[in-house]
Amino acid sequence: MTLAAFASGKVVGFRLATADTAGTLALEFGSSRHAAAALRRAAAAHRRVLVHLTVKDWAGNKRIYERAVRLAL
């Protein structure tokens with residue numbers, strides 16, 4: 001999962017996860033101090049970010065989800 005912020009499409013976070021069974025998986029990502037500060041400023045300005053999620057299985061199938069979400073503090 002990557003979280004791209006601002007119009008420039010800068011990637012500010014990345015996370016890999018593995019699930020052994022089907023179902024819901026909660027992801028938390030970490031970012032650098034500089035990127036976290038930019039996200040806080042964007043949240044204070046009520047900006048939107050694009051969440052890009054790529055899901056792959058062991059058979060090689062891939063599904064890409066993109067959702068624009070509004071940040072909140």
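Kindly indicate whether Thr2 is closer than 17 Å to Tyr65 by Cα and at pLDDT 80 or above.
Judged against the criteria, Thr2 is not a match.
Checking each residue in the stretch 57-70 for being modelled with pLDDT of 85 or more and either open to solvent by 100 Å² or more (accessible area, probe 1.4 Å) or in contact with a Lys or Arg (Cβ under 8 Å, 6 or more places away or on another chain) (or both) picks out Lys62, Arg63, Arg67, Ala68, Val69, Arg70.
Scanning the stretch 19-36 for residues that are open to solvent by less than 100 Å² (accessible area, probe 1.4 Å) and under 16 Å from the mean Cα position of the chain (by Cα) turns up Leu25, Ala26, Leu27, Phe29, Gly30, Ser31, Ser32, Ala35, Ala36.
Only a single criterion out of (1) at pLDDT 80 or above; (2) touching a Ser or Thr at 6+ places or on another chain (Cβ under 9 Å) is not satisfied by Ala36, namely (2). Each residue in the stretch 9-58 was checked for being without any contact (Cβ under 8 Å) to a residue 24 or more places away in the chain, among the small types (Gly, Ala, Ser) and assigned to a loop (DSSP other than H, G, I, E, B), and 7 of them qualify.
The values are calculated or read from the model by the stated rules, or taken from the named source; none is laboratory data. Every value quoted in this text rests on a predicted model; they were computed, and no experiment measured them. All Cβ positions, even for glycine, are placed from backbone atoms using ideal geometry, and neighbour counts span all protein chains on display. For accessibility, only protein heavy atoms count, side chains too; no ligands or nucleic acids. Shrake-Rupley method; radii C 1.70, N 1.55, O 1.52, S 1.80 Å.
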